[in-house]
Amino acid sequence: MNEKEEEREVWAAAPGVILCSPQIEQYKHLLAFIFAVDEINKNPDLLPNTTIGYHIFDTCGSPKKSIKSAIRMLSGKDTEVPNYSCTKGGEVAAFVASSGIQPNSALIQFLSLYRFTQINYGPADPLLSDRVSYPTLYQIASDDRVRHTAIVKCLLYFGWNWVVIIAPDYGTGEVESVVLTKLMTQHGICIDFIIKLQNSDYYGNKMRLAKVAKSRAELSRYIENVAYIDHIGDIIVFNKRGEVRSKWNLINWVFLENQKYGLSMYTIDLATFYDAPREENVLNIDLQKILWKNDRRVPIDFSLRSSLVNLYEFLFNHFNRKSQSANEGLRPQSRCNEPCSPGYRKAFNGGNPICCYNCVPCSEGEVSNITDSEICHRCPQVEWPDEKKVKCIPKTYEFLCYEKDIISSIFLGIVVFLSIITLFILITFIYNWDTPIVKANNQTVSFILLVSILLSFLCVFFFLGRPVAITCLLRQTSFGIFFSIGVSSLLSKTITVCIAFKASKPGNIWVKWTSINMSYSVILVCSSVQVLICVIWLSVSPPYVEFDHHSYPGKIIIQCNEGSDLWFYSMLGYMGLLAAVSFLLAFMVRTLPDSFNEAKYITFSMLLFCSFWMAMIPAYLSTRGKYMVAVEIFAILTSCSGILGCIFLPKIYVLFLKSNLNSKKNILQRNKI
């Protein structure tokens, strides 16, 4: 095929430019093509014994002229003659065109019918990748799906989900918009609106682009396809869809507006990558080069690109490179709403796009440690969210601790104080063992009562501190047994007074019950019943240590589970039964003529006991954790203190302050009265 060169000025249509205005980029492509043909013909090693030539036709934006020029090339005549060839010197080897504009799309459809080889250097059209419909078509540009993936990765890198798509209203613009919108939606990115630039409508396109500056989408991005010839001579390999690997540029579009020119645009190259958009290539962006909306660093007019590049580079290099943090502060949040901070989750509203949502705090016991989390994660059972609900922290253990809890310190002081008083009274009674006032109230029973009260006070130590297995087994059972011994002692005192009054009459059958063994028998029998209840309780369902994770948020309550509620309340019920019987008998004999009749004191002490425990039960059942234990300790201390004060303080008063009354003569004289 002989070389034939036709030199002419190339005019074409492009987005945002008046029809048939000169296109520098298209002219550069033409010169590169002519230069490549000349170089191939000069090198005998590339195509031996073969010379290639070319015909150049201008479509001028017309599908009709495009097809007319192709027929002229095939027929070899100035007049178009379909299906006729008058060419000399060789045949047409291939047609080179760009598929990115409508006239060439019509040409591709026409040439496919004749099975002519076609090479398209413009943006790849996914509709033309069908090898069955277009078996002779080869697209040098890369598949646009790679470009779409790169766009999505860039948006995800900056954390944007509210964007604007700018696409041509001709060629593959509509298809690309649909495909890109679908891909963005799959990644949670929403489209504010789509701007379609129309061919040969300069001012209309300018008005459409002005809409971008007013959108909530802060920045528009575009990936430009750049066709290239490998400068080191590598062989370009087409894939199965007739496409080659290519180079991509990530471009920053800058929109400026001034009084003289109105809206103007400028582009800044940010990154370049090849083949598929690998993560390290897409995200390797020089953030200092980006000009965000409302960036004041370059207050000049960008309407004339030819005079721009050097000036921009000068201004950019003039700025301190260390101002990256300031530039970062200008980075917009191209989102429908503010992102949800850690500790919150997205709450979608069915009437809004998926990118528009509310932020609600994580529920109790849940955290989220990332921005824009869709769900909150529940903390493990032994952990709890911190104040910001960002991370899980260990729960605090709650019990009546000796070191940290003021309640434990108070109870500890009270127990020690009451134990010392009880021990003092016990020693005093032992010291005055043979005095009339001590003998008149049965020394041994009084001794047993004082010891049981002292042991009841000391049982409080089982309730303080961290519960363990042994303390859980002993705290309720030990108090139940010791206190039952004390109440049994009071009951024996009351029965003794009652029997003594009955036996004072001659010939009464109660005389034989007046022996001292009667008191011991009452104490032994009544206490044995409580011991039996506790033994069965420990055998059937003993108390154990329990970790309560649910009663209080953020706390693990270490407590003693009583095991069987039946036996626990049986123990308390029997103790209450003894107190009730003692109260009734003491109330009946409170007026008997006896100088040291303890019935009225027993009546009052049992009244206090019943009052305290009746008030304690509702409070005990309505509290949890250490406060439940504190209620029971309070009931133990008050009831034991009531018995100690009512029964023994009057005797201590006589022994120390009214010692003259502690004589047999005064006792007999008071009995006569």
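The values are calculated or read from the model by the stated rules, or taken from the named source; none is laboratory data. In this text the structure is predicted, and so the values were computed from the model without any measurement. Here Cβ is always computed from backbone atoms with ideal geometry, including for glycine, and neighbour counts include all displayed protein chains. These accessible areas exclude ligands, DNA and RNA; they are computed on the full protein's heavy atoms, side chains included. Shrake-Rupley method; radii C 1.70, N 1.55, O 1.52, S 1.80 Å.
Here are the numbers for this structure:
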{"read-out": "So residue 539, is it modelled with pLDDT of 90 or more, small (Gly, Ala, Ser) and open to solvent by less than 30 Å² (accessible area, probe 1.4 Å)", "value": "no"}
{"read-out": "Residues (open to solvent by 50 Å² or more (accessible area, probe 1.4 Å) and touching an Asp or Glu at 6+ places or on another chain (Cβ under 8 Å)) located in segment 341-360", "value": "345, 359"}
{"read-out": "Among residues of segment 623-653, those that are buried (at least 21 other Cβ atoms within 10 Å of the Cβ) and of a type in the set (Val, Ile, Thr), counted", "value": "5"}
{"read-out": "Any hit, segment 557-580, residues being at pLDDT below 85, open to solvent by 10 Å² or more (accessible area, probe 1.4 Å) and assigned to a helix (DSSP H, G or I)", "value": "no"}
{"read-out": "Residues being open to solvent by 90 Å² or more (accessible area, probe 1.4 Å), of a type outside the set (A, V, I, L, M) and modelled with pLDDT under 90 - total across segment 389-422", "value": "3"}
{"read-out": "Output for segment 361-375, where each listed residue is open to solvent by less than 60 Å² (accessible area, probe 1.4 Å), closer than 18 Å to residue 188 by Cβ and not hydroxyl-bearing (Ser, Thr, Tyr)", "value": "372"}
{"read-out": "Long-range neighbours under 6 Å by Cβ, at least six apart or interchain, first residue closer than 18 Å to residue 333 by Cβ within segment 344-356, second part of a strand (DSSP E or B) and open to solvent by less than 60 Å² (accessible area, probe 1.4 Å)", "value": "344/359; 346/357; 353/190; 355/162; 355/190"}
{"read-out": "Options 602, 617, 533; residue that is closer than 28 Å to residue 411 by Cβ, at pLDDT below 85, outside any loop (DSSP other than H, G, I, E, B) and open to solvent by 20 Å² or more (accessible area, probe 1.4 Å)", "value": "617"}
{"read-out": "Condition broken by residue 507, with the remaining ones in (1) surrounded by fewer than 16 Cβ atoms within 10 Å (Cβ to Cβ); (2) at pLDDT 90 or above; (3) not in a helix (DSSP H, G or I) satisfied", "value": "(2)"}
{"read-out": "Options 479, 483, 457, 461: the member that is surrounded by fewer than 22 Cβ atoms within 10 Å (Cβ to Cβ) and on the phi < 0 side of the Ramachandran plot", "value": "461"}
{"read-out": "Pair list, Cβ < 8 Å and 6+ apart or interchain, from segment 465-485 residues that are charged (D, E, K, R) to residues that are part of a helix (DSSP H, G or I)", "value": "475/462; 475/463"}
{"read-out": "Residue within segment 435-453 that is over 30 Å from residue 344 (Cβ atoms), more than 33 Å from the chain's Cα centre (by Cα), open to solvent by 30 Å² or more (accessible area, probe 1.4 Å) and among the basic types (Lys, Arg) present", "value": "yes"}
{"read-out": "Residue check for residue 368: closer than 28 Å to residue 481 by Cβ, in contact with a Lys or Arg (Cβ under 9 Å, 6 or more places away or on another chain) and small (Gly, Ala, Ser)", "value": "no"}
